[in-house]
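Here's the structure we're looking at; comments come further down.
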Amino acid sequence: MKEHFSHRSQAIPDPGQPVYPFEKPIFKTNPDHGPVHVKNPSIIVQIDGVSYAALQMAFKMGMVPKKVQEFFEKNHYDFKPFYSGQGCVTPSAEAGFLYGTNVGVPAFRFLNPETGEMANAESFKENLKKYLIKPQPGLLAEGSAYAMLLDGDAKNAMFVPFRMKKQIITQGLNHTSQVFGSQDGLLGGMLDFGFNLVGQLKPTFDKKPKGIKEIGKNLLNLARGSFEETIVRDATTAGLVDDIKSGVPIAWIDFAGYDAASHHYGPFSKTSLNTLRGIFRKIEEVVDAIEKNPDKDYHLYFISDHGQTPSKSFSKIYGKPLKQVVQEAVGSDPITIASTGSHGYVYFSNIKRPMEISEIEENHSGLIQKLLIHPGIAMAAGKQGDKVVLTTKQGTLQIKDGKIVEGDPEWLKPYGPPEILAYEIHHEISMYNSGHLVLYGTYTPTSDGKGFAVDFEELDYHGNHGSIGGHQEIAFIGHSDRDPIDTKQIMGSWDVHHQLVQNVTGE
C-alpha cells in the first residue's frame, strides 16, 4: 500500500506543485447511454473540495482511521489525481458526474440570458438539471442522493436543496431522529456541534473581523459550517448506512465540511485539514456497514469534485469590490456580476442573450484593456463566432475546438498546462449562459505549492475555487482494483460519469 496511508507525522507537509494526471488532453465524444440499470451495487463517497494534494496531506498526518486503512489495503485501493475542469465548482462537477454533461451549468451562480434571473446552486426553488443541454439519464435513478446540489434522478434524496421542501420533514427528520433518537446519539451530536463551534472560534477571530456586522456575518457562517460538519454529516451518514443494510442498488453522499472550512481558513490550514478527521470517522461507519453486509457486495468509490487554492480578498487588497471596478469601466450601462472565487461573470443587464466580444467592444470601446490594467484582473474572455477570445496582460489568444489557434501559449503556463486550459476555457465559455465577459483573477504561484489567487467574492475567503491556477482543478478519485478508473481518459467530470456507468452496469 502507498506509504502515505501509514505515515503518522503531525506536521502539515508541503503540498507541492499541482500534479496533472497526463501530459496531453485526449479529446473524444462521450457515448450516449440509456437508463442506468445497476448490476454492481455501488456507493460513491464525495469529499467536497479536497484536492489531490490535500488528500495526501491528510493521509500523511494520520487522519485515516486504522479500520479504513486496512479496508484500503485489503481491497487494493488506488488514489490518483484527475483534472476536474472548468468550472471547478460543485454544481458543474456533479452535473458531469451524474448526467454526463455540465453544459448549461457553467458555475455556482450564473444568469439565464432569456429571463435575466440569477440561478444559484443552493436554491430551494429550482432543479439545475433544467439548464443542462442533452443530459444523459441520471446515474442514481435506482438509488439515493445525500447532501448534493443535483440529485441524479435519485428515488430518494436528503439535504438536496430543491427537494428539501417536500422531503426534509419525512426523510430528513427521520434520519436525524435515528442519529439523535437515543440519549447517547443526542448527546454525541450536540457535543460534536458544540466542540466544532468552539474549536473554530479562535481561527475565526484570528482573521480580525472589523465591526459588529462583520463579526455577526462570521459567526453566522461559523454556525452554518458547524451544522454542515456535524448535524448534516451525521444524519446523511445514518441514511446511507440504512441504504447499505437494506441493499439500495446505488447511493452517493457528499461530505461538504472540508470545503466550507477551507473557504474560511484556507485549504492547507490545520483547522481545514482537521475537518477531514471527522469525515473519515463517518467513512469508517460506511466501511463498517459494507463489511457487515458482505452479501450485498458493494463497490465503494471515493471522489472529490474539485480542489481549492489559497486566496486573498480582491476588495480588501484593492479597496473596491469587483462590481464597482467593472461598473466604473463600463459607465452607465447596468451590469450584473456573478462571482465564484477568482472567476467573475459580467452580464450586461439589458442584454438577455449571449454577446460576442466584438459587440462588447463596439458598445464599450477599450473596456477589456481598461480592466486588464487592474493588477487583480489577469485575463478576460468571451465568445466570437465559433471561437473563444482570451485576452491576457501579455496579448490575445484565440481558441477554436479546444485548441489555441492564435497567440502564445506561454501566457497561460503560470495557471497550468496551456493545452488543457485552452480546452476547458473553450468548453466553459462556449456555453449559452456563461458571462458576456468572463474575468479571471490574478494567480501568484509560489515555490511551496501554496500559490494564491485573488478572490472576487465579498466574503473574505482564504480559499477558493471555480477558476484556474493552483490545486483547485486537481481533484482525486479512489477505487479498488476491481473497479478501474482511467484518469488519463478524464478531461472533466463528464468523463468520470461514463466510466462509472460502465462499472456500475457491468457493460
Revision key, fill the gap. Log entry, pairs with first residue in region 432-461 being β-branched (Val, Ile, Thr), second being surrounded by fewer than 16 Cβ atoms within 10 Å (Cβ to Cβ), beta carbons closer than 7 Å, six or more apart or on different chains, reads THR442/PRO375; VAL454/ILE317
Exercise for review: Could you please find all residues in region 293-325 being under 21 Å from VAL504 (Cα atoms) and outside any loop (DSSP other than H, G, I, E, B)?
Suggested key: PRO294, ASP295, LYS296, HIS299, LEU300, TYR301, PHE302, ILE303
Practice item. Can you tell me which residue among HIS436, HIS479 is farther than 30 Å from VAL38 by Cβ, at pLDDT 95 or above and not hydroxyl-bearing (Ser, Thr, Tyr)? Key: HIS436
Revision key, fill the gap. Taking region 227-263 and keeping only residues that are assigned to a helix (DSSP H, G or I) and within 16 Å of the chain's Cα centre (by Cα), one is left with GLU228, GLY257, TYR258, ASP259, ALA260, ALA261, SER262, HIS263
Review point. Since HIS426 meets every condition but one in (1) assigned to a loop (DSSP other than H, G, I, E, B); (2) touching a strand residue (DSSP E or B) at 6+ places or on another chain (Cβ under 6 Å), which condition does it not meet?
Key: (1)
Review point. Residues in region 58-74: is at least one part of a loop (DSSP other than H, G, I, E, B) and within 20 Å of LYS488 (Cα to Cα)?
Key: no
Check your understanding: Across region 380-402, which residue is nearest to PHE452 (Cα to Cα) among those that are buried (at least 17 other Cβ atoms within 10 Å of the Cβ) and touching a Leu at 6+ places or on another chain (Cβ under 6 Å)?
Key -> ALA380
Revision key, fill the gap. The one condition GLN394 fails out of (1) assigned to a loop (DSSP other than H, G, I, E, B); (2) touching a Lys or Arg at 6+ places or on another chain (Cβ under 8 Å) is (2)
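The values are calculated or read from the model by the stated rules, or taken from the named source; none is laboratory data. For clarity, every value in this text was computed on a predicted model and none was experimentally measured. We place every Cβ from the backbone using ideal geometry, glycine too, and count neighbours over all the protein chains shown.
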